[in-house]
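Just dropping this structure here.
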Amino acid sequence: MRAKDVVKRRLGRGIAVGAFEEPYLVVAVLGQSNAHGAGLGLERQGLDAPHPRVHQWAASGRSKNTIVAGSNPLFHEVPSKAVGFAPTFAARLADTTGRPVLIVPYARGDSGFARIHGISWDPADTGARVNLFWAAVDRIRTGLATTPGNELAAVLWHQGESDVPLLTGPVYAEKLDSLIDTLRAEFGEVPFVLGQMVPDEIESGEPNYAVIDAVHADTPRRRTNVAYVPGPKGLYNSDTEKIHYNAVGQRELGHRMWTAFARMSSHVE
C-alpha cells in the first residue's frame with residue numbers, strides 16, 4: 001500500500017447530515033478514476049454544493065462508516081479531490097422520486113480487471129492482494145444495512161482505461177459480464193449504468209481503446225437491464241489529460257446516466 005494512500009484514507013471529514021426516517025435508494029459507484037471523480041473545476045458552494053436528500057456511506061477519512069453529505073468530492077476507498085458524476089445522478093434520482101439517496105462510493109484510480117499493483121476488479125481473482133469487487137460488495141452490503149428497507153437502485157460503472165493495453169476485447173467482455181452477473185447474484189437484477197470513457201481519449205489514444213469502447217457499447221446486448229451512456233466530447237481536463245472528464249463533463253455524464261437509467265427503472269414513472 002502506498003504511504004500517501006494510507007495518509008489520504010485517514011484524512012478528511014464529511015459534512016454532517018441529519019438522519020432520514022425513511023429508507024434510502026442506494027446507488028453504488030464503481031470503477032476507476034472517472035468514477036472516483038477526477039474532474040477539475042470543483043464548485044463547493046455552487047454546482048457541487050450538497051443536495052439535502054443525497055447522502056453517502058463514507059469509505060474513508062474521519063467519517064468512514066458514517067453517513068455524510070453526498071457531495072463532491074466523495075469518500076471512496078481513497079478520498080477523491082475533484083468532481084465525479086455520481087452526485088449529479090443521485091440528485092436527479094432524489095428530485096424525481098422524492099426519496100433520500102445514499103451513494104456508496106467505491107472506485108479506485110488506475111484499477112482494472114487485469115491485476116495492477118496487486119489490485120483487481122475481477123470477481124474470480126482470488127489471488128489479488130486487494131480484490132476491489134468483493135470489497136465493493138461488502139461496502140454495498142453495509143450501506144444497505146444502515147437503514148431498514150434500504151434498496152439498491154442502481155450500479156454506476158466507469159472503467160476500462162487501465163485495461164486498454166492489458167486485455168483483449170473478448171477477455172474484457174467476459175470479465176465485465178462476470179462482474180455484472182456476480183453483482184446480481186448478490187443483490188438481484190439491479191440496473192447497471194455504464195459510462196463511456198472520454199471520447200477524445202478514445203480517438204487519440206492507442207487502438208485498443210476503440211476495442212474496449214465497443215465492448216462497453218455492446219454490453220446491453222449481452223446483458224439485460226444495462227445501459228451504455230455515450231460521454232460528452234471536448235470536456236476533458238487538459239490536452240495532456242484527456243483521459244479524465246473535467247467537472248463540466250462529469251456533471252453532464254451524470255445527467256446522461258440518469259436519463260439512461262430513467263428509461264429502464266421502475267422507480268421513475
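Could you please state how large a percent of the accessible area of the chain is carbon and sulfur, counting protein chains only and using a 1.4 Å probe? Kindly include the intermediate steps, with their values, before the conclusion.
Values: 5760 of 10950 Å².
For the chain, the apolar C and S fraction of the accessible surface comes to 53 percent.
With every protein chain left in place and a probe of 1.4 Å, what is the accessible surface of R62, to the nearest 10 Å²?
For R62, solvent-accessible area is about 140 Å².
In a shell of Cβ-Cβ distance under 11 Å around L194, excluding L194 itself, what net charge do Lys and Arg (+1) and Asp and Glu (-1) give?
Details: positive: R223; negative: D213, D218.
Local net charge: -1.
Another one. Excluding ligands, DNA and RNA, what is the solvent-accessible area per residue of the chain at a probe of 1.4 Å, expressed in Å²?
Numbers: 10950 Å² over 269 residues.
Ligands and nucleic acids excluded, the result is 41 Å² per residue.
Starting from the coordinates of the alpha-carbon atoms of the range 113-269, obtain the Kirkwood hydrodynamic radius over all distinct pairs and give the value in Å to one decimal. All intermediate terms of the calculation are to be shown ahead of the outcome.
On the way: mean 1/r = 0.0603 Å⁻¹.
This gives a value of 16.6 Å.
Once the range 209-257 is represented by equal point scatterers at the alpha-carbon sites, with solvent omitted, what log10 I(q)/I(0) does the Debye formula produce at q = 0.25 Å⁻¹?
-0.97
Something else about it: Please list, ordered by chain and number, the residues whose modelled amide H lies under 5 Å from the amide H of H51; skip anything fewer than 5 residues away on the same chain.
Amide H to amide H, under 5 Å and 5 or more residues apart or across chains, H51 pairs with G70.
Ok, one more. Label points 7 Å out from Cα along the Cβ direction at A217 and A135: separation in nm?
The two pseudo-label positions are separated by 3.3 nm.
Then there is this: Keeping all protein chains in place and using 1.4 angstrom, which order do M197, M264 fall into by accessible surface area, from largest down? Walk me through the intermediate numbers first.
Numbers: M197 0, M264 50 Å².
The most accessible residue leads, giving M264, M197.
Extending each Cα 7 Å along its Cβ direction at E43 and N225, get the distance between those two points in nm, one decimal.
3.6 nm
Using Cα pairs closer than 8 Å and at least 6 residues apart in sequence, work out the relative contact order for the chain, in percent.
Rounded, it is 22 percent for the chain.
Taking every DSSP beta bridge that has both residues in the range 56-199, what percent is antiparallel when rounded to the nearest 5? Let's see the in-between values first.
Numbers: 4 of 10 bridges.
Roughly 40 percent of the DSSP beta bridges within the range 56-199 come out antiparallel.
Per DSSP H run of at least 4 residues, take -39500 (n - 2.57); add these up for the chain, divide by its residues and hand me the 222 nm value, nearest 500 deg cm²/dmol. Can you show the working numbers first?
Details: 8 runs with 95 residues, N = 269.
Roughly -11000 deg cm²/dmol at 222 nm, from the helical runs in the chain.
Could you tell me which residue out of G12, A124, P87 lies farthest along the dipole of the chain toward its positive end? Charges go on the beta carbon: Lys and Arg +1, Asp and Glu -1, centred on the Cα centre.
Farthest along the dipole direction, towards plus: G12.
Next question. One quarter of the convex hull surface, Cα atoms only: what value does that give for the range 30-121 in nm²? List each step's numbers first, then the result.
Numbers: hull surface 24.7 nm².
The orientation-averaged projected area of the Cα hull of the range 30-121 comes to 6.2 nm².
Still on this model: Nearest-5 percent of antiparallel DSSP beta bridges in the chain? Spell out each step's value before the answer.
Numbers: 8 of 34 bridges.
Counting DSSP beta bridges with both partners in the chain, the antiparallel share is about 25 percent.
Can you tell me how much longer the chain between L166 and K81 gets when fully stretched, taken as 0.36 nm per residue apart minus their C-alpha distance, in nm with one decimal? Walk me through the numbers before you get to the answer.
Values: separation 85, 0.36 × 85 = 30.60 nm, distance 2.73 nm.
Result for the pair: 27.9 nm of gain on full extension.
Here's a follow-up. Rounded to the nearest 0.05, what FRET efficiency is calculated for K233 and R263 with R0 set to 25 Å and r the Cβ-Cβ distance? Provide the component values of the computation, followed by the final result.
Details: r = 22 Å, r/R0 = 0.88.
For K233 and R263, the calculated efficiency is 0.70.
Over the Cα atoms of the chain, Rg to Rh with Kirkwood Rh, two decimal places? Could you put the intermediate results ahead of the total?
Numbers: Rg = 16.9 Å, Rh = 18.2 Å.
Ratio of gyration radius to Kirkwood radius: 0.93.
Given a 1.4 Å probe and heavy atoms of the protein chains only, how would you sort I15, I140, I116, largest accessible area at the top? Before the final figure, lay out the partial values.
Details: I15 90, I140 0, I116 20 Å².
Sorted descending by solvent-accessible area, the residues read I15, I116, I140.
Could I ask something else about it? Which length gain, in nm to one decimal place, applies between T240 and T96 when the Cα-Cα distance is subtracted from 0.36 nm times their residue separation?
Numbers: separation 144, 0.36 × 144 = 51.84 nm, distance 3.76 nm.
That works out to 48.1 nm of additional length.
The values are calculated or read from the model by the stated rules, or taken from the named source; none is laboratory data. Model, not experiment: these values are computed from the prediction. Positions of Cβ are backbone-derived with ideal geometry, glycine not excepted, and every protein chain shown enters the neighbour counts. Quick note on the areas: whole protein, heavy atoms, side chains included, nothing else; ligands and nucleic acids left out. Shrake-Rupley method; radii C 1.70, N 1.55, O 1.52, S 1.80 Å.
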